[in-house]
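Before any comments, here is the structure.
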Amino acid sequence: MTEQYYLSSSPHMHSGATTDKVMRDVIYALLPACLTAVWFFGLAALTTLLLCVASCLVAEAACLKLQGRAQSTLADGSAVLTGLLLALNLPAAAPWWLTVLGGAVAIVIGKQVYGGLGYNPFNPALVARVVLLISFPIQMTSWTAPLASASGVDAVTMATPLGEWKTAVMLTSKLPAVQPADYLNYLTGNMAGCLGEVSAVAVLIGAAYLFWRRIITWHIPLTFVVTVAVLTGIFWLVDPTRYPDPLLHVLTGGLLLGAFFMATDMVTSPVSSTGMIIFGFGCGLITVLIRLFGGYPEGVSFAILLMNAATPLIDRYTPPRKFGAVGEVVR
Amino acid sequence: MKIKRFPGGLHPPEHKSTAARAIEPCSLPDELVIPLAQHIGAPAEPCVVIGDTVAKGQVIAQPRGFVSVPIHASSSGVVTAVEPRLHPMGRPLPAIVIKPDGRDAWPDGLEGGMNPLLVDPLTLPPSRLRDMVRNAGVVGLGGATFPTHVKLSPPGGKKINTLILNGVECEPYLTADHRLMLEEPERILAGIDILRRILGVERVCIGIEENKPDAIAVMRDACAQRDIEVIALKVMYPQGAEKQLIFAVTGRQTPSGGLPMDVGVVVQNVGTAAAVADAIIHGRPLVERIATITGPALVEPKNLRIRIGTSLRHLVAECGGLREEVVKVIMGGPMMGHTQLSLDVPAIRGTSGLLLLDKNAVATRSEGPCIRCARCVSVCPARLLPTTISAYARRDMIAEAERFNALDCIECGCCAYTCPARIPLVQSIRQVKGAILAKRRLS
Amino acid sequence: MLEAILSLGGVGFCAALALGFAAQKFAVEVDAREAAILEVLPGANCGACGFPGCGGYARAVASGAVAPELCPPGGPETVARIARIIGVAAIAVDPQVAVVICQGDQQRATEKYRYLGISDCRAAQKLADGPKTCPGGCLGLGTCAAICPFGAITMTDQHLAVIDRDKCVGCRKCVEPCPRQVIKMTPRSVSVHVLCNSHDKGALVRRYCQVGCIACQLCKKAAPEAYVIEDFLARVDYRHAVKPTAGVEVAIDKCPTHCIRDDNPPPAPVPDEKPAPQAA
């Protein structure tokens, strides 16, 4: 036989999409948030970002080696992405060991113990964030004032807007006064908080890129944000002296970062559009419950993790209605 | 007006470089290998033996059963063998081999067909017309090769009110139907008149994708005097899939597991309509078809009018030979076509195209884990969960795959095309569909 | 403090009551013999007996519906113990072992095309009857290895399935899924096999495989009792080969294509002279 061709099952064309490209696109989308973090928090932010990514890569490589699997998946960008996401969920003042530990937890406990990319039920970066938040609450909630290094003052600590509100209501049963100018700061990121949660604008620029590249759809982020806005809006209308307005809720507490980058994590969110809407609503509802009635001022991480746990169940009960299911109920 | 389409789907690069090339005749090959299995249903039974002299259009194999059609000699010559030959399905299957005498002569010195009809075909009873369609060996030329007379014989109780002509040609690379509509609209219209007479339908539509404005214009022009709608459809693969086309044109959803006739529709490819006209008016059986011979490995891609049984090697030579080393040979389009073992395979009635890919056009990247990006879910025109079905299929969990409606998959390839993890979703779903059907046959 | 102790204790007490009630009310009657049988079964839940798991088989045996010797992984010892439990005479079972009767890996056998797709021999077989030119050869994509519940099947670097006779319990699960029926069940007492599954004529076999049986009759001449040749393929006649006098081993060195192998101990690899591909 002189000629030997490839034989394969159809289709014989491919869009050219690869997992690496998907991961790379998300990483690009995170760059504005990373840059603003470095702008506001200076070298500390840069160190945290780099340390976290490095820690994730080393943990991933070690896991792959231990399991005797090819190191090629190291290059797919998923570990880098996890590292970036985790770093953006850490305060700028996080000590180096906390960052390194977080990276290792994210990869080992959040991802590899389940079998690696594609098999983890929970968002690895959020697993790490929550582990750190519960284990090291002091370090995880010591916020540096933005632009502190620029003003020459060394590490001024201050509270996040939601934290401030929660404390104030607890102590005085009254909301602290919020100036209109504060909203501008929430928008640009001139407030205390995790590296990535501070700048709404940077997150939204990245999100726009993700939409343009069709990495994410509107279903999860929109329902998430709208649910939070509507529910907090109701409480605000009922008692504006006790409950902050929905705009504050949407712009602070990492809601946008969570809605556009964490809740949309493909591996841990539902696949059908109905499922995604349920998922987004659940995230919003739990976030609001935690923020208004729970012990933590911010609830996005917990909300997403809880909904991650519900994803298989949601997927099971929300398959799309098949084409041709005329007058027939699909399970 | 909103452009008509169906849910799901995608738009791969069209690569229709042959769209501007007129249909050319193909030279007579040295040998014609005419397989007995060229249609869905029972293979035909040979009725010639080695040494017989046959005329062009002569029946060389008789149908077996209702869902079967006769096979005809596609040129005049001598039968040199009746034996298994490599078939496009990938294994040797019975075929009749004819050595052409070079005269390409129809019987009795007739020109361009046999028994030309001397009366207006529309005065003949539908049953007679249907028999003539069958005797001419007409099958669906879109690629599925389902015997046309069967589609034209709806069981009693099924009322057909709409005939849809499929001029969508949504597969990338292929332009055969496009050229047919541009160059020979009168053949298609003559066929439509006959099909309409057989089915007794009111409404006739021709669906054409918007990326063929010239074909839409030509068909609109040709249909001006007739009560036929030419409908421009959104460029979206798989717009030409039967149930998707019906939905786009009529808004009717063919029930799962049902047939178009369950919603009162019959769909015929435009090429099939032309073949029906040839069969009835000129008594010319299906001995040739139009096919697009194309691909990056080919010197000069063309639309050729090919005789059934011509080897792919001859078709390649007819298009100036190979420019690059070909690594993948596909019969049909790139989304649903079948890869071939060799170029020494005959073109058959279902050969809508031949695609020759060089190494740059073949994706050999190995698959990775599913990252649940849900792209397959959003493009699936059958509205299934390809990744879920595939995951069950890979674990031999047949009952679960069935519960997620694996059998509704139309194997269009959208899911695998779009999968960033390069999972061969269609292959595993196809595999489990076979397993489900096998299990059903057992029980 | 007291409040906490009381409330927790109360909850615990109520739960205990509920559990105790449930245990009595919904107790499932278990045949003592069934439990005993389950105890002696290997617990691999391999399904070789045809029942869903060891529990299903134990129930069936206890009820007298099926014989005790359907558990190949358990071997004769398990059969004897089950027989004792249900009080029947143990039937001698002939333990079996699965063998891949092919040595045509990528080095030694040709392929008619390059396969792209899922690693499943059944899927590859659907594309032009599989990439191996030989119609009976192992496709080497690992369907059997993935199915084997005992990890007894491994794939070589050159894509050939090899069964470890020490790990194989003879459960037969790999036999039916193989699209080329290249896995055969053989008596454990015989370790010499003809490792070829091609019924093509010798001249054709030589064209696509260095280690295929060419039906040259030399094995049959060397040990007439132990070999049969049918349809251009030699095989060991296991009924006679079990006899020490059959001389099944003497043919090993006679085979010109090295396709008769003794599996115990595992044979040294076939000398890898790159086969002169015969002019087609």
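The values are calculated or read from the model by the stated rules, or taken from the named source; none is laboratory data. Since we're looking at a predicted model, the values are computed, not measured. Virtual Cβ from ideal backbone geometry, glycine too; neighbours counted across all protein chains shown.
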Legend entry - Criterion (in contact with a Ser or Thr (Cβ under 8 Å, 6 or more places away or on another chain) and either within 22 Å of B:G143 (Cβ to Cβ) or assigned by TED's automatic domain parsing to the domain that holds B:A176 (or both)) met by exactly one of B:E229, B:E202: B:E202
Legend entry - Check on B:G350, assigned to a loop (DSSP other than H, G, I, E, B), closer than 24 Å to B:S68 by Cβ and modelled with pLDDT under 95: yes
Legend entry - A:I290 being surrounded by 19 or more Cβ atoms within 10 Å (Cβ to Cβ), out of contact with any Leu (no Cβ under 9 Å at 6 or more places or on another chain) and within 19 Å of A:N89 (Cβ to Cβ): yes
Inset, instruction - Select, from B:G321, B:G332, the only residue that is surrounded by fewer than 21 Cβ atoms within 10 Å (Cβ to Cβ) and either farther than 30 Å from B:A136 by Cα or at the interface with chain A (Cβ under 9 Å from one of its Cβ atoms) (or both). - result: B:G321
Inset, instruction - Determine whether B:D214 is out of contact with any Lys or Arg (no Cβ under 9 Å at 6 or more places or on another chain) and modelled with pLDDT of 95 or more. - result: yes
Inset, instruction - Filter segment A:205-218 down to the residues that are modelled with pLDDT of 95 or more and not aromatic (F, W, Y), then identify the one that is farthest from A:S173 (Cα to Cα). - result: A:L210
Legend entry - Selected residue (criterion: surrounded by the fewest Cβ atoms within 10 Å (Cβ to Cβ)) from residues of segment A:1-29 that are touching a Phe, Trp or Tyr at 6+ places or on another chain (Cβ under 7 Å) and more than 7 Å from every other protein chain (Cβ to nearest Cβ): A:Y28
Inset, instruction - Can you work out which of the residues in segment C:58-76 that are in contact (Cβ under 8 Å) with a residue 24 or more places away in the chain and not in a loop (DSSP other than H, G, I, E, B) is surrounded by the fewest Cβ atoms within 10 Å (Cβ to Cβ)? - result: C:G75
Legend entry - Exclusive hit being buried (at least 19 other Cβ atoms within 10 Å of the Cβ) and among the polar types (S, T, N, Q), set A:T160, A:T188, A:T172, A:T167: A:T160
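To keep it simple, each residue is scored yes or no on (1) within 21 Å of the chain's Cα centre (by Cα); (2) more than 14 Å from every other protein chain (Cβ to nearest Cβ); (3) among the polar types (S, T, N, Q).
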position	(1), (2), (3)
A:L64	no, no, no
A:S72	no, no, yes
A:G77	yes, no, no
A:T82	yes, no, yes
A:G110	yes, yes, no
A:N123	yes, no, yes
A:V131	yes, yes, no
A:I134	yes, yes, no
Inset, instruction - Looking at (1) surrounded by 21 or more Cβ atoms within 10 Å (Cβ to Cβ); (2) on the phi > 0 side of the Ramachandran plot, find the lone condition where A:R214 falls short. - result: (1)
Inset, instruction - Please verify whether segment B:393-405 includes one or more residues that are in contact with an Asp or Glu (Cβ under 8 Å, 6 or more places away or on another chain) and among the aromatic types (F, W, Y). - result: no
Inset, instruction - Give the residues of segment B:2-40 that are under 30 Å from A:S15 (Cβ atoms), aliphatic (A, V, I, L, M) and in a loop (DSSP other than H, G, I, E, B), sorted by residue number. - result: B:I3
Inset, instruction - Quickly run through segment B:362-413 and pick out the residues that are within 8 Å of another protein chain (Cβ to nearest Cβ), outside any loop (DSSP other than H, G, I, E, B) and of a type in the set (A, V, I, L, M, F, W, C). - result: B:V377
Inset, instruction - Determine, yes or no, whether B:L36 is at negative phi and not assigned by TED's automatic domain parsing to the domain that holds B:V266. - result: yes
Inset, instruction - Specify the residue that is nearest to the chain's Cα centre (by Cα); the eligible residues are those in segment C:230-247 that are in a helix (DSSP H, G or I) and modelled with pLDDT of 85 or more. - result: C:Y238
Inset, instruction - Looking only at segment B:232-249, count how many residues are buried (at least 19 other Cβ atoms within 10 Å of the Cβ) and among the β-branched types (V, I, T). - result: 2
Inset, instruction - Examine segment A:204-222 for a residue that is farther than 18 Å from A:L251 by Cα, among the basic types (K, R) and free of Cβ contacts under 8 Å to residues at least 12 places away in the same chain, and state whether such a residue exists. - result: yes
Inset, instruction - Quickly run through segment A:290-330 and pick out the residues that are more than 9 Å from chain B (Cβ to nearest Cβ), free of Cβ contacts under 8 Å to residues at least 40 places away in the same chain and basic (K, R). - result: A:R316
Inset, instruction - Count, please, the residues in segment B:420-443 that happen to be over 26 Å from the mean Cα position of the chain (by Cα) and within 26 Å of A:S15 (Cβ to Cβ). - result: 4
Legend entry - Scan of segment C:77-98 for residues that are surrounded by 14 or more Cβ atoms within 10 Å (Cβ to Cβ), under 17 Å from C:M185 (Cβ atoms) and at pLDDT below 80, ordered by number: C:V93
Inset, instruction - Tell me which residues, restricted to segment C:100-117, are hydrophobic (A, V, I, L, M, F, W, C) and buried (at least 23 other Cβ atoms within 10 Å of the Cβ). - result: C:I101, C:C102, C:A109
Inset, instruction - Check segment A:121-132 and report whether any residue there is aromatic (F, W, Y) and more than 25 Å from A:V203 (Cα to Cα). - result: no
Inset, instruction - Could you please let me know if B:P94 is in the same structural domain as B:V48 (by TED's automatic domain parsing), closer than 17 Å to B:V276 by Cα and touching a Lys or Arg at 6+ places or on another chain (Cβ under 9 Å)? - result: no
Legend entry - All helices (runs of 4 or more DSSP H) inside segment A:55-152 with 2 or more residues being crowded, with 24+ Cβ neighbours inside 10 Å and modelled with pLDDT of 95 or more: A:78-88, A:96-108, A:124-135
Inset, instruction - Output the residue which, of all residues in segment B:49-58 that are out of contact with any His (no Cβ under 7 Å at 6 or more places or on another chain), buried (at least 19 other Cβ atoms within 10 Å of the Cβ) and assigned to a loop (DSSP other than H, G, I, E, B), is farthest from the other protein chains (Cβ to nearest Cβ). - result: B:A55
Legend entry - Single match in B:I71, B:I40 (criterion: touching a Gly at 6+ places or on another chain (Cβ under 9 Å), over 30 Å from A:S272 (Cβ atoms) and crowded, with 22+ Cβ neighbours inside 10 Å): B:I71
Inset, instruction - Would you point out the residue of segment B:136-150, among those that are part of a loop (DSSP other than H, G, I, E, B) and not hydrophobic (A, V, I, L, M, F, W, C), that is surrounded by the most Cβ atoms within 10 Å (Cβ to Cβ)? - result: B:G137
Inset, instruction - Would you check if B:A416 is facing chain A (nearest Cβ under 10 Å), over 27 Å from the mean Cα position of the chain (by Cα) and not charged (D, E, K, R)? - result: no
